[in-house]
1. Select from segment 16-40 the residues that are in contact with a Cys (Cβ under 9 Å, 6 or more places away or on another chain) and outside any strand (DSSP E or B) and list them in ascending order.
2. Can you find, within segment 100-117, the residue that is nearest to Gly13 (Cα to Cα) among those that are within 18 Å of the chain's Cα centre (by Cα) and outside any strand (DSSP E or B)?
3. Could you identify the single residue in Ile85, Ile96 that is under 17 Å from Gly7 (Cα atoms), open to solvent by less than 30 Å² (accessible area, probe 1.4 Å) and assigned to a helix (DSSP H, G or I)?
4. It is to be established whether one or more residues within segment 181-194 are closer than 26 Å to Phe91 by Cβ, touching a Lys or Arg at 6+ places or on another chain (Cβ under 9 Å) and among the hydrophobic types (A, V, I, L, M, F, W, C).
5. Take the residues in segment 57-81 that are of a type outside the set (A, V, I, L, M) and open to solvent by less than 50 Å² (accessible area, probe 1.4 Å); name whichever of them is farthest from Pro110 (Cα to Cα).
6. Counting only residues that are of a type in the set (D, E, K, R) and in contact (Cβ under 8 Å) with a residue 60 or more places away in the chain, how many does segment 15-30 have?
7. Please go through (1) touching a residue at least 12 places away in the same chain (Cβ under 8 Å); (2) surrounded by fewer than 18 Cβ atoms within 10 Å (Cβ to Cβ) for Ala114 and return the number of the only condition it doesn't satisfy.
8. Under the condition of being touching a Ser or Thr at 6+ places or on another chain (Cβ under 9 Å) and not in a helix (DSSP H, G or I), which residue from segment 46-56 is surrounded by the most Cβ atoms within 10 Å (Cβ to Cβ)?
Amino acid sequence: MSLLMIGCGKMGGSLLTRWATSTDHKITILNPSLIKAPAGVTVTQTIKELSDQRFDIIVIAIKPQLIDTVLPAYRNHLADSGCIISIAAGFSVASIEKLMGKQAIMRVMPNLPAQIGRGVSALYANASCSAEQLETAIALTDAVGYTHLAASEDELDRVTAVAGSGPGYAFEIARCWIESAISLGFSPQTAKELVLNTMAGSIELAMASNESVETLRNSVTSKNGTTAAGLTALMQDSTLENLVQSTVSAAYERAVALR
């Protein structure tokens, strides 16, 4: 199929790299600032270069605040049986329909690990999407990791709060953990290697295990041991649990406000 990506920031670039190597779609990008693209991808600088081309899929990968002014110009570049896929956070299907008319529209919220094929993507499709279009979209999101089908835009916003923004939470926790290792006398590089390998191994174990993460936590916690001492400090007064809850809630509230 022919696919046009409008814009190509960090998230769009992450998807593009995987799609260019794992799908057989004919991909065109319109991004004035993009100089280099993966092999086989056509880069255009202006909409005039598209001439009268029409595409089976148009991917909206520009900032949400630009969509109102940029998107309408692409209405005639969507094939009659084409679909629109938006990765713009918070910009609703209804808002896209106001600009493009009644169309097959999907919203996808991926996260940054998509660039290494370990992303999490939530996908919501409106009623105008055919089974074939949904299948194509799922193939695109599966190419960059795990796909969660959302039954509503609200569910997509909730996934955004948990997984879309999640790498930011994980990186900040890792940063604090690395700083604590440095404070014990390790070099920044050694601290980073110790912490990130510990996190990666623990996550892989949790994903491979049928046990809950609480059970796994308990399995490495000996009474009066070092882990117990650390967890007592970490979990005191449910401070960590409450902080994570408020973090996810704040992200969800912001997603709702952006609709």
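1. Residues satisfying the conditions are Leu16, Asn31, Ser33, Leu34, Ala37.
2. Gln115
3. Values: Ile85 fails: assigned to a helix (DSSP H, G or I).
Being under 17 Å from Gly7 (Cα atoms), open to solvent by less than 30 Å² (accessible area, probe 1.4 Å) and assigned to a helix (DSSP H, G or I) holds for just one of Ile85, Ile96, which is Ile96.
4. Our first condition is that a residue be closer than 26 Å to Phe91 by Cβ; within segment 181-194, this holds for none.
No, there is no match, as no residue in segment 181-194 is closer than 26 Å to Phe91 by Cβ, touching a Lys or Arg at 6+ places or on another chain (Cβ under 9 Å) and among the hydrophobic types (A, V, I, L, M, F, W, C).
5. Of everything passing the filter in segment 57-81, His77 is farthest from Pro110 (Cα to Cα).
6. Taking segment 15-30 first, the residues of a type in the set (D, E, K, R) are 18, 24, 26.
Next cut, in contact (Cβ under 8 Å) with a residue 60 or more places away in the chain only: 18.
So the count comes out to 1.
7. Here Ala114 meets the rest and fails (2).
8. Phe55
The values are calculated or read from the model by the stated rules, or taken from the named source; none is laboratory data. Since we're looking at a predicted model, the values are computed, not measured. Cβ atoms come from the backbone with ideal geometry, glycine included; neighbour counts cover every protein chain shown. Ligands, DNA and RNA are excluded from the accessible area calculation, which covers all protein heavy atoms including side chains. Shrake-Rupley method; radii C 1.70, N 1.55, O 1.52, S 1.80 Å.
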